[in-house]
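Have a look at the structure below before the remarks.
The values are calculated or read from the model by the stated rules, or taken from the named source; none is laboratory data. None of the values given here were measured: they were computed from a predicted structure. Cβ placement follows ideal geometry from the backbone for every residue including glycine, while neighbour counts extend to all protein chains displayed. For accessibility, only protein heavy atoms count, side chains too; no ligands or nucleic acids. Shrake-Rupley method; radii C 1.70, N 1.55, O 1.52, S 1.80 Å.
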Amino acid sequence: MDWNDLRFFLAVARTSSLTKTAATLKVSQSTVSRRINALESSLRTSLFLHHQTGYFLTDAGQALLSYAEEVESRIGALEHAFAGGDGEAAGTVRLATAETLANHLIIPALPQFQEDYPAIRLELITGVNTVSVVRNDADIALRLVRPEQNTLKIRKAGVMASAVYAAERYLRAHPAPEDAPLSGRRFITWDSSFSHLPAARWFDEQVEDKTSALATTSLVTQLSAVNAGLGLAVLPCFIAAQQPELIEVIPPDRVLSEDLWLVTHADLIASARIKAVAEFLMTILNRANMA
């Protein structure tokens with residue numbers, strides 16, 4: 001079996017399209033089709049159902065997918081190991097994380113990191129919903145969800161606590177009893193498409209009067225809305241600490257906390273550049289009282 005055939009198989013499985021795969025891999029559509037046919041012939045089975053809306057995995061294709069991803073992971077780890085495992089903290093490191101952590105925690109600390117490690121080029125990826133360390137989209141990740149893959153090195157890096165905050169002027173304009181701090185006050189909430197988020201679930205479960213001043217699709221927008229005095233919102237404590245006008249209304253022990261996970265390939269642990277980035281992340285988490 002040719003690894004290149006597996007590479008084409010993975011691309012089609014992820015795009016469900018020969019055309020998109022051809023564009024991604026910079027080859028012709030006929031080349032993609034030929035590679036898939038060759039793989040199906042070597043395995044003597046059909047891997048895709050050809051439908052007018054796209055290419056969809058058969059049961060055999062679904063079974064092959066996990067094996068192909070494992071091969072992809074191992075090959076990528078091998079390439080990375082030889083690219084930067086010689087003891088020198090140099091080279092490119094692709095770091096995947098949430099936009100919130102990138103903007104409010106990592107980027108403000110980058111000038112010092114760049115001064116300490118001028119030979120490391122950091123690529124920051126915030127589209128974590130589609131980024132996979134297993135697929136080698138990133139070398140290291142700081143995540144709020146713990147991955148389950150066996151090929152990964154995973155350690156708990158800290159905790160991101162969240163509390164309910166409001167602008168001081170909003171609280172003055174909308175007083176409430178001390179034992180009912182949400183009474184008569186409005187919330188900045190998540191759009192319904194983000195109802196799975198812990199902050200959205202907390203609001204849905206804990207707030208009886210679900211009067212919403214504004215629904216948004218980003219934490220950045222919620223932070224702006226709270227600072228503008230539109231209402232209360234559940235915000236990460238490390239971000240609120242950077243906003244002098246915000247007042248804690250309900251403390252984090254009554255709201256929520258989320259574990260932070262540092263994730264990389266087990267094969268990349270010895271890489272000096274990966275170690276440098278991991279130590280940098282742990283340092284800034286400690287500084288923000290999150291580790």
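Using a 1.4 Å probe on the protein heavy atoms, what percent of the accessible area of the chain belongs to carbon and sulfur?
Ligands and nucleic acids excluded, carbon and sulfur give 50 percent.
Counting only residues 5 or more places away or on other chains, whose amide H sits under 5 Å from the amide H of Thr58 once H atoms are built in the peptide plane?
Phe48, Leu49
Working with all protein chains in place, sort Glu148, Glu72 by solvent-accessible area computed with a 1.4 Å probe, largest first.
Glu148, Glu72
Which of the lysines could be linked to Lys275 by a straight reach, that is with a Cα gap under 21 Å, when you skip same-chain ones fewer than 8 residues away?
Filter leaves Lys153, Lys156.
Does anything in region 45-77 have its amide N under 20 Å from the 7 Å Cα→Cβ label point of Gln29, and if so which residues?
So the set is 47-57.
For a quick check, take a GNM of the chain with Cα springs below 10 Å and name the residue from Asp139, Asp204, Asp259 with the largest mean-square fluctuation.
Highest fluctuation of the listed residues: Asp204.
Taking a probe of 1.4 Å, how large is the accessible area per residue of region 3-83, in Å²?
Heavy-atom SASA per residue in region 3-83 reads 59 Å².
Could you calculate the contour length gain from Arg146 to Leu49, that is, 0.36 nm times the residue separation minus the distance between their Cα atoms, to one decimal place in nm?
Answer, rounded to one decimal: 31.6 nm.
Applying a 10 Å radius around every beta-carbon, put 57-70, 231-244, 278-291 in order of their mean neighbour count, most first.
231-244, 278-291, 57-70
Which order do Arg14, Arg44 take by accessible area at a 1.4 Å probe, largest first?
The residues order as Arg44, Arg14, largest area first.
Take every Cα pair under 8 Å in the chain that's 6+ residues apart, average their separations, divide by the length, and report that relative contact order as a whole percent.
Computed value for the chain: 23 percent relative contact order.
Put Arg273, Arg201, Arg185 in order of accessible area, largest first, 1.4 Å probe: what do you get?
Arg201, Arg185, Arg273
What is the gain in length, in nm to one decimal, between Arg172 and Glu248 on full extension, counting 0.36 nm per residue of separation less the C-alpha to C-alpha distance?
26.0 nm
Over region 229-291, give the accessible area per residue in Å² for a 1.4 Å probe, as an integer.
Value for region 229-291: 42 Å² per residue.
If each DSSP helix of 4+ residues adds -39,500 (n - 2.57) and the sum is divided by the residues in the chain, what number results at 222 nm, nearest 500 deg cm²/dmol?
So the helix-based figure for the chain works out to -12000 deg cm²/dmol.
Determine the sum of side-chain charges near Arg121: Lys and Arg each +1, Asp and Glu each -1, restricted to other residues whose C-beta is under 11 angstrom from that of Arg121.
Summing Lys and Arg as +1 and Asp and Glu as -1 gives +1.
From the square roots a ≥ b ≥ c of the eigenvalues of the alpha-carbon gyration tensor of region 160-257, which class results: rounded (a/c under 1.5), prolate (a/b over b/c), or oblate?
rounded
Can you tell me which of 47-54, 105-112, 164-171 comes out highest on packing, and rank the rest after it, using the mean Cβ neighbours within 10 Å?
164-171, 105-112, 47-54
Most mobile of Leu223, Leu124, Leu25 per a Gaussian network model of the chain (Cα springs, under 10 Å)?
Evaluated over the chain, the most mobile residue of the options is Leu25.
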